[in-house]
1. Quick one: which of 40, 88, 95 is in contact with a strand residue (DSSP E or B) (Cβ under 9 Å, 6 or more places away or on another chain) and open to solvent by 10 Å² or more (accessible area, probe 1.4 Å)?
2. If I filter the range 10-23 down to residues being at pLDDT 95 or above and open to solvent by 20 Å² or more (accessible area, probe 1.4 Å), which single residue comes out as nearest to ligand 1 (Cβ to nearest atom)?
3. Regarding the range 31-54, can at least one residue be identified that is in a helix (DSSP H, G or I) and under 15 Å from the mean Cα position of the chain (by Cα)?
4. Evaluate the range 140-163: report whether one residue or more is aliphatic (A, V, I, L, M), buried (at least 17 other Cβ atoms within 10 Å of the Cβ) and within 11 Å of ligand 1 (Cβ to nearest atom).
5. Can you pull out every residue in the range 186-195 that is on the phi < 0 side of the Ramachandran plot, in contact with a helix residue (DSSP H, G or I) (Cβ under 9 Å, 6 or more places away or on another chain) and more than 15 Å from ligand 2 (Cβ to nearest atom)?
6. Which condition does residue 58 not pass, out of (1) in contact with a Pro (Cβ under 8 Å, 6 or more places away or on another chain); (2) under 26 Å from residue 148 (Cβ atoms); (3) away from ligand 2 (no atom under 16 Å from the Cβ), if it passes all the others?
Amino acid sequence: MIQVSASILAAPLTSLSTVIPKLKQNAIDLIHLDVMDGNFVPQISFGEALCKEVKSLTKIPLDIHLMVNNPEKEVPKYFALKPQYITFHIEATNFPIRLAEEIKKQGIKVGVAINPSTPASRINTILPYMDLLLLMTVEPGFYGQNFIKTGLEKINRAKEIIGSYPIVIEVDGGVNLNNIERISEFGAKIVVAGSALFHDGKANENALKLKKLTK
Ligand code: DX5
Ligand code: ZN
């Protein structure tokens, strides 16, 4: 069954202290934290202080998605949180291998994210250093956008490139009840879900409904 990583960007940020403790581990596998710097992407969301608060409210492992330029400066701020994954964008750094090694040294899994217009082949030379490939299926920066049409082909292409490396594919953006079955069939093992979970205050139920549609 696919894993669901809940993007709290789509939850009411002012009520996180009531929303987060209600998330159940049998429904929500990971908490996805979208850090945005207003530079790599147009918006500023939140940083390590809020991530720390979130951690104090739940036992569900953290999945940190850094949409920031110069991630080498930002990444160390998240080490103390001991997340399951720290994911940085390949478009945002010239030193992905060094950065990946630094993250791994902390016992944290390394995620590399690519934007919809970045070819999957861009990760060729970093494959041995990665644990997760985050495929953006919307332009990064906002929740609630539509899944881009080429998203499924991109999963296929990524699978070919990954070959036998033990790298998990995570799909981020526009995931909902209508497309999760195909996303899972194509080979994604984790999906990020924001608006599909938090639009009606029933995040656990919505996550279970999504998972039920996958094998
Ligand atoms: C977009 C973020 C996503 C987003 C997902 O930049 O990386 O994680 O919050 O939200 P939905 O599921 O609503 O597309
Ligand atoms: Zn994200």
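The values are calculated or read from the model by the stated rules, or taken from the named source; none is laboratory data. Just so it is clear, the model here is predicted, and its values are computed rather than measured. Backbone-built Cβ (ideal geometry, glycine too); neighbour counts: all protein chains shown. Heavy atoms of the whole protein, side chains included, go into the accessibility calculation; ligands, DNA and RNA do not. Shrake-Rupley method; radii C 1.70, N 1.55, O 1.52, S 1.80 Å.
1. Values: 88 fails: open to solvent by 10 Å² or more (accessible area, probe 1.4 Å); 95 fails: in contact with a strand residue (DSSP E or B) (Cβ under 9 Å, 6 or more places away or on another chain).
One residue alone meets the criteria, 40.
2. Keep residues of the range 10-23 that are at pLDDT 95 or above, which gives 10-11, 16-23.
Of the ones still in play, those that are also open to solvent by 20 Å² or more (accessible area, probe 1.4 Å) are 17-19, 21-22.
Numbers: 17: 20, 18: 20, 19: 15, 21: 20, 22: 19 Å.
For the range 10-23, the residue satisfying everything is 19.
3. Yes.
4. No, the conditions are met nowhere in the range 140-163.
5. Pass one, the range 186-195, residues on the phi < 0 side of the Ramachandran plot: 186, 188-195.
Next cut, in contact with a helix residue (DSSP H, G or I) (Cβ under 9 Å, 6 or more places away or on another chain) only: 186, 188, 191, 193-195.
Scanning the range 186-195 gives a single hit, 186.
6. Here residue 58 clears every test but (2).
Residues checked against (1) closer than 21 Å to residue 31 by Cβ; (2) touching a Ser or Thr at 6+ places or on another chain (Cβ under 7 Å):
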site: 144; (1), (2): yes, yes
site: 148; (1), (2): no, yes
site: 165; (1), (2): no, no
site: 169; (1), (2): yes, no
site: 173; (1), (2): yes, yes
site: 199; (1), (2): yes, no
